[in-house]
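Everything on this sheet refers to the single structure shown next.
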Amino acid sequence: MVSVFRNFNEINYLIIFFIVVASWLLIEFVERVFPWFAGNVPERFRFKILPLVPVLRLIIWIVSIIWIVPMIIHPTPENLLALLGAVGLGVGFAFKDYVSSLAAGIVAIYERPYRPGDWVEIDGAYGEVKSLEARVLRMVTLDDTLVSIPHKKIWDSNIYNANDAKRELLCVANFYLNPTHDAQLVRQKLYDVALTSPFVQLKNPIRVSVAEKPWGTHYRLKAYPIEGRDQNLFTSDLTVRGKAALLKMGIELAVIPFASSERGRMQ
């Protein structure tokens, strides 16, 4: 082991200190300035800027490690192999889950199942991805709750991405009606409700799908909000005004006679 590491008097601790500090400052700069800049440019550029944060952070880490390691050890192939083997074995036993999340974080940067700005659902948690850390992703839910999820969830969990780095995010408002009505009139009325919403993005299509169920008729009003962050307000607006318009037409809402276990299948 003595031959692997340099002597203490050979190591330039001052340069190593400056490298660590400079790397930390660069990472802080990237994590603060890029999100701020993304929040002050047109929305179409936001999803191009935010994904750069974890990539740049990883590059800074790699460059720093490559720069520091030769200052501490004699950079021969044998020494590097021995050091990596020892570190890998020790870390593998002591921090298996942590290392799994770190590895998954690198895979996530490459495969991009989620990016900052995406609206994703993982293990029942749904929200906007705010940042990708080395071990976890941090999302904020519609109830303004911060949730931290380890990257290792990508190994064994389904990742539902609602917009996949795009500005468009589909919202759906559900209506359950008594089947004795004119379906064509209802479809048109719900379409008009979405068309007149202050949150609707008019460049994207508005659709109304209809499905007949044993308990009545299920309508799904599908449209896109101007901003993905307004999805809760948008869906609420469609639901409230849609229900009011249907009741004004004299249409009765469906009465579900099934048990609660059956109701889950209505979705």
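The values are calculated or read from the model by the stated rules, or taken from the named source; none is laboratory data. Predicted, not measured: the structure shown is a model, and the values here were computed from it. Heads up, the Cβs are rebuilt from the backbone with ideal geometry, glycines too, and the neighbour counts pull from every protein chain shown. Remember, those area values only see protein heavy atoms, side chains included, never the ligands or the DNA or RNA. Shrake-Rupley method; radii C 1.70, N 1.55, O 1.52, S 1.80 Å.
I'd like the accessible area for residue 203: 1.4 Å probe, protein heavy atoms, all chains in place, Å² to the nearest 10.
Rounded to the nearest 10, the figure is 140 Å².
Where the only charges are on Cβ atoms (+1 Lys, Arg; -1 Asp, Glu), what is the dipole of region 160-244 about its Cα centre, to the nearest 20 debye? Please report the intermediate quantities before stating the final value.
Working: 12 positive and 8 negative charges, 12 e Å.
Charge dipole of region 160-244: 60 debye, to the nearest 20.
Roughly what would the spin-label model give for residue 131 and residue 16, points 7 Å off Cα along C-beta, in nm?
Label at residue 131, label at residue 16, 2.7 nm between them.
Rounded to the nearest 0.05, what FRET efficiency do residue 187 and residue 227 have when you use their Cβ-Cβ distance and R0 = 22 Å? Present the calculation step by step, with values, prior to reporting the outcome.
Values: r = 27 Å, r/R0 = 1.21.
Efficiency, from the Cβ-Cβ distance: 0.25.
Hey, with R₀ at 35 Å, roughly what FRET efficiency would residue 55 and residue 176 work out to, going by the Cβ-Cβ distance, to 0.05? Kindly include the intermediate steps, with their values, before the conclusion.
Details: r = 45 Å, r/R0 = 1.29.
Efficiency, from the Cβ-Cβ distance: 0.20.
Greater than 20 Å separation of Cα atoms is the criterion. Which listed pairs, 213/248; 189/248; 130/222; 130/153; 130/152, meet it?
Details: 213/248 23 Å; 189/248 11 Å; 130/222 26 Å; 130/153 17 Å; 130/152 18 Å.
Exceeds cut-off: 213/248; 130/222.
In whole Å, what are the Cα extents of region 109-258 along the three principal axes, biggest one first?
Cα spread of region 109-258 along its principal axes, largest to smallest: 56, 37, 25 Å.
Tell me, what is the FRET efficiency for residue 220 and residue 140 to the nearest 0.05, using R0 = 45 angstrom and their Cβ-Cβ distance as r? Kindly include the intermediate steps, with their values, before the conclusion.
On the way: r = 27 Å, r/R0 = 0.59.
Step by step, r from the Cβ atoms, then E = 0.95.
With no solvent and one point per C-alpha, what does the Debye sum give as log10 I(q)/I(0) for region 156-229 at q = 0.19 Å⁻¹?
-0.82
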